[in-house]
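Student: Sending over a structure as structure tokens; questions will come in a sec.
The values are calculated or read from the model by the stated rules, or taken from the named source; none is laboratory data. From a predicted model like this one, the values you see are computed outputs, not experimental measurements. Counting neighbours? That spans all protein chains shown, and the Cβs are built from the backbone with ideal geometry, glycine included. Accessible surface areas use protein heavy atoms only, side chains included; no ligands, DNA or RNA. Shrake-Rupley method; radii C 1.70, N 1.55, O 1.52, S 1.80 Å.
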Amino acid sequence: MYVIIVGGGNIGYYLAKTLAAEHHEVLLLEKDRIRYQTISAELGELVMQGDGCEVAIQRQAGFGRADVVVAVTGSDDDNLVVCQMAKMEHNVPRTISRVNDPRNEALFKTLGIDATVSSTKIIYNLIEQEVGGGEVIPLAALNRGNIEIVEIEIGPKSPVVGKTIRDLDLPTQALIISLIRGDQAILPTADSTLMEGDGVIALVTADKARQLRDLFAEP
């Protein structure tokens, strides 16, 4: 099976390694030159530099013979474009997309993406489940409090790389509840160090969501 992965963050990196270990043919596409150099030093020819949204790059990568295309960038717009082009331009049998904002999940399915994965939604569902002491955090309470669950992927040029959560100037009414590192979810402490490629799951009031995203944004 030939699998093309678009997005060389931690999710794409570990997915490529896992598929290669299972003897699948895999190609990882990453457009950032520095990130490409970092992961290609280990994965070699499994990695190709290029923008997965561009037709020329898609043809060079072999979209036309791919069995599966997986889009796991930090941009829902890019992920949607990649999967739609894979379907419409290259007749790829199966497309799988990461959805960073769970509110977009229904749109992705309506537009023909075969499968979506939202780590935010996974954490969201976990919040509903029983926690220590038999207590449950109901999602309705979050809605009444105008609280949003936000997922952010830390890019290579983000100013927070290498900092601890204690060092961050978080907006008031913001709380980091989990870090997604590779295929593991981590319950962070104030001394947890943020790394490139980490997914950050946070609770924040709706009016502070943009301020929170800006804190992690690359210049």
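Student: From Cα pairs below 8 angstrom and at least 6 apart in sequence, can you work out the relative contact order of the stretch 160-219, rounded to a whole percent? Don't skip to the answer; put the middle values down first.
Tutor: Details: 81 pairs, mean separation 25.4, N = 60.
This gives 42 percent for the stretch 160-219.
Student: Cα convex hull of the chain: how many Å³ per residue? Walk me through the numbers on the way to the answer.
Tutor: Details: hull volume 30.0 nm³, N = 219.
Measuring per residue, one finds 137 Å³ for the Cα hull of the chain.
Student: Once phi is turned into θ = phi - 60°, what whole-Hz ³J(HN,Hα) does the Karplus curve with 6.51, -1.76 and 1.60 give for every residue of the stretch 107-112, x standing for Gly and Pro?
Tutor: Result, rounded to whole Hz: 4, 4, 5, 4, 8, x.
Student: Using amide H atoms built 1.01 Å from N in the peptide plane, name the residues 5+ places from ASN100, or on other chains, whose amide H lies under 5 Å from its own.
Tutor: HN-HN under 5 Å from ASN100: ASP76.
Student: Calculate, in nm to one decimal, what ASP167 and ASN91 gain on full extension: separation in residues at 0.36 nm each, minus their alpha carbon distance.
Tutor: Numbers: separation 76, 0.36 × 76 = 27.36 nm, distance 4.74 nm.
Here the answer is 22.6 nm.
Student: Could you check what % of the DSSP bridge pairs in the chain are antiparallel, to the nearest 5?
Tutor: Working: 17 of 36 bridges.
Just about 45 percent of them are antiparallel.
Student: Could you work out [θ]222 nm for the chain from helices alone, using -39500 (n - 2.57) per DSSP H run of at least four and dividing by all its residues? Round to the nearest 500 deg cm²/dmol.
Tutor: -10000 deg cm²/dmol
Student: Given labels modelled 7 Å from the Cα in the Cβ direction, how far is it in nm from LEU107 to ASP214?
Tutor: That separation, rounded to one decimal, is 2.3 nm.
Student: What helices does the chain hold that run 24 Å or longer along their axis, going by alpha-carbon atoms, with a Kyte-Doolittle average of 1.6 or more, using DSSP H for the helix calls?
Tutor: Values: long enough: none.
Span-like helices here: none at all.
Student: Could you work out the relative contact order of the chain, using alpha carbon pairs under 8 angstrom and six or more residues apart, expressed as a whole percent? Please report the intermediate quantities before stating the final value.
Tutor: Details: 413 pairs, mean separation 35.2, N = 219.
With pairs under 8 Å counted, the relative contact order is 16 percent.
Student: Could I ask something else about it? Report, to the nearest whole %, how much of the accessible area of the chain belongs to carbon and sulfur atoms, 1.4 Å probe, protein only. Mind showing how you got there, number by number?
Tutor: On the way: 5780 of 11380 Å².
About 51 percent, which is the carbon plus sulfur part of the accessible surface.
Student: Only residues of the stretch 24-49 count here: report those whose backbone N is under 18 Å from the spot 7 Å along Cα→Cβ of THR18, or say none.
Tutor: The answer is 24-29, 43.
Student: Kindly state, to the nearest 0.05, the FRET efficiency for GLN37 paired with GLN184, given R0 = 30 Å and r defined as their beta-carbon distance. Walk me through the numbers on the way to the answer.
Tutor: On the way: r = 25 Å, r/R0 = 0.84.
E between GLN37 and GLN184, to the nearest 0.05, is 0.75.
Student: Within the stretch 190-219, whose backbone N sits under 13 Å from a point 7 Å along Cα→Cβ of ILE177?
Tutor: Output list for this probe position: 201-205.
Student: I would also like to ask the following. Please compute the per residue accessible area over the chain with all protein chains in place, 1.4 Å probe, rounded to a whole number of Å².
Tutor: Accessible surface, normalised per residue, equals 52 Å².
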